[in-house]
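Trainee: Quick one: this structure, given as structure tokens, is what I'll be asking you about.
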Amino acid sequence: MDTPRSPRRAAARALLAATVVVAAGACGGADAGSGGDGLSGTVRVDGSSTVAPLSTAAAQLFQQRNPGVRITVGTSGTGGGFEKFCNGETDIADASRRITAEEQAHCAEKGVKYEELRIANDGLSVVVSKDNDFADCLTVEQLHRIWEPGSRIDNWNQVDPAFPDVDLELFGPGTDSGTFDYFTHAVNGKEGRSRTDYSPSEDDNVTVQGVSGSKGGMGYFGLSYYEENQDKLKVLKIDGGNGCVEPTRVTVQNGTYRPLSRPLLIYPSAAALDRREVEAFVEYYVDNNADIATAAQFVPLSPGQEAELRRDLTRLREEHTP
């Protein structure tokens, strides 16, 4: 089965409705033990809707060779994914942020050991209308003043006196989104800290339509979704303290686009690696990380990041020997 060419954000939105069973045709009705390597069983993945397209692509490619393995990819959100993972309900947690101290303590209490594996990169893009001919770069401080809780900024000339008198209309993801969590943490210092008088939607296309239809519109979402819609939108450069930097695959990968670039992560359970189907899937995920990231329209790892990924997987194996 070829990897779907539809936008990964559309796939993520579809996955939000329910847990998806990713199958490669031979999963139903055939002998569960048949397949390229004779593997069978189930691998349970849950967590970030942002990372879900990566795990879905990995599952589809893996099952071409291992149709006896059933892989479920759920999207209960990064926090919800860690809750299930630490309770031993899943084998792998998808995450668009790093595990918190509280979540680490929960896993430790339940005896769940794991390793953090950086599988790809992503960047958030701040977008405006193509009719916006006055704003090209904003500082993080300006973004903070626009998006902080209780902000009363509703005109572009309040952002910068050099900007014209144009109403500011804000669009963005809903509060259950990992993108919302990451943006609010990066810009406002804490996940969930945001003004509430904006137009939220879990459907990024709603943000595209809102921003593109308003000269004063502004919104944010993942870099790849901007790339898919750059004919309708203008992306802003961001000054994180070292000058204005445009979000591109290069600046996201090398970390110069700050603070709106982020790692995308999976957390395999050490105990789950005792099962051959889980071990094989994680190894496939790591070995083919570049192809999977490209298929899911994310930014692949740099050579240094890939070397670190392989070291982390080795450490996970060493920490849990059956």
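Values quoted throughout were computed directly from the atomic coordinates according to the rules given, and no laboratory measurement underlies them. Everything numeric in this text was worked out from a predicted model, so none of it was measured. Here the Cβ positions follow ideal geometry from the backbone for every residue, glycine too, while neighbour counts run over all protein chains shown.
Trainee: Local charge sum around Gly123 (other residues, Cβ-Cβ under 9 Å, Lys/Arg +1, Asp/Glu -1)?
Mentor: Counting the neighbours of Gly123, the net charge comes to +1.
Trainee: Calculate one ³J(HN,Hα) per residue across region 302-308 by plugging θ = phi - 60° into the Karplus curve 6.51 cos²θ - 1.76 cosθ + 1.60, and present them in order as whole Hz with x for glycine and proline.
Mentor: In residue order, the calculated couplings are 6, x, x, 5, 5, 4, 5 Hz.
Trainee: Report the full-extension gain for the segment His185 to Lys84: residue separation times 0.36 nm, less the Cα-Cα distance, to one decimal in nm.
Mentor: Taking His185 through Lys84 to full extension adds about 34.0 nm, to one decimal.
Trainee: Kirkwood-based Rg over Rh for region 124-173 (C-alpha set), two decimals?
Mentor: Here the Rg-to-Rh quotient is 0.91.
Trainee: Given Cα pairs under 8 Å that are at least 6 residues apart, what percent is the relative contact order of region 160-226?
Mentor: Values: 85 pairs, mean separation 27.3, N = 67.
Value for region 160-226: 41 percent.
Trainee: Something else: Specify whether the C-alpha gyration tensor of region 177-236 places it in the rounded, prolate or oblate class, a ≥ b ≥ c being the square roots of the eigenvalues: rounded for a/c under 1.5, otherwise prolate if a/b is larger than b/c and oblate if not.
Mentor: prolate
Trainee: Sequence gap at least 6, Cα distance under 8 Å: using those rules, report the relative contact order of the chain to the nearest whole percent.
Mentor: 23 percent
Trainee: Placing +1 at every Lys and Arg Cβ and -1 at every Asp and Glu Cβ, with all other atoms neutral, what dipole size does the chain have around its Cα centre, in debye to the nearest 20?
Mentor: With only Lys, Arg, Asp and Glu charged at Cβ, the dipole is about 220 debye.
Trainee: Among [x] 34, 21, 19; [y] 27, 26, 20; [z] 38, 20, 17, which one is semi-axes √(5λ) of the Cα gyration tensor in Å computed from these coordinates?
Mentor: Recomputing semi-axes √(5λ) of the Cα gyration tensor in Å here picks out [z].
Trainee: Take each of the peptides 188-194, 218-224, average the number of other beta-carbon atoms within 10 Å over its residues, and list them starting from the highest. Don't skip to the answer; put the middle values down first.
Mentor: Numbers: 188-194: 15.1, 218-224: 25.7.
Put in order of decreasing packing, that is 218-224, 188-194.
Trainee: Which stretch or stretches of region 75-118 have amide N atoms under 13 Å from the point lying 7 Å from Ala271's Cα along the Cα→Cβ direction?
Mentor: So the set is 85-92, 107-114.
Trainee: Restricting the count to DSSP beta bridges whose residues both fall in region 92-251, what percent are antiparallel, rounded to a multiple of 5?
Mentor: Around 60 percent of the beta bridges assigned by DSSP in region 92-251 are antiparallel ones.
Trainee: Among all the lysines, which ones have a C-alpha under 24 Å from Lys113's C-alpha, if same-chain residues fewer than 8 places away are not counted?
Mentor: Within reach: Lys84.
Trainee: Can you tell me how much longer the chain between Asn242 and Asp136 gets when fully stretched, taken as 0.36 nm per residue apart minus their C-alpha distance, in nm with one decimal? Mind showing how you got there, number by number?
Mentor: Values: separation 106, 0.36 × 106 = 38.16 nm, distance 1.57 nm.
In short, 36.6 nm is gained.
Trainee: Can you find, among Asn229, Val211, Gly304, the residue sitting farthest towards the positive end of the charge dipole of the chain, where Lys and Arg contribute +1 and Asp and Glu -1 at Cβ?
Mentor: Checking the options against the dipole of the chain, the answer is Gly304.
Trainee: Can I ask one more? How high is the relative contact order of region 50-108? Use alpha-carbon pairs under 8 Å, at least six apart in sequence, and give a whole percent.
Mentor: 35 percent
Trainee: Using unit Cβ charges (K, R positive; D, E negative) and no other charged atoms, how large, in debye to the nearest 20, is the dipole of region 158-311 about its Cα centre?
Mentor: Once rounded to the nearest 20, the dipole reads 400 debye.
Trainee: For region 74-127, give the magnitude of the charge dipole about the Cα centre (Cβ charges: +1 Lys/Arg, -1 Asp/Glu; no others), in debye to the nearest 20.
Mentor: About 100 debye.
Trainee: Here's a follow-up. Tilt of helix 101-110 relative to the longest C-alpha principal axis of the chain, in degrees (0 to 90, nearest 10)?
Mentor: 20 degrees
Trainee: Which one, Gly240, Gly38, Gly74, has the greatest fluctuation when you compute a Gaussian network model over the chain with C-alpha springs under 10 angstrom?
Mentor: Largest GNM mean-square fluctuation: Gly38.
Trainee: Using 0.36 nm per residue of separation minus the Cα-Cα distance, give me the extension gain between Asp291 and Glu116 in nm, one decimal.
Mentor: Full-extension gain reported as 61.0 nm.
Trainee: Along the positive direction of the dipole of the chain (beta-carbon charges: Lys, Arg +1; Asp, Glu -1; about the Cα centre), which of Ala101, His185, Ser269 reaches farthest?
Mentor: With unit charges placed on the Cβ atoms, the residue in question is Ser269.
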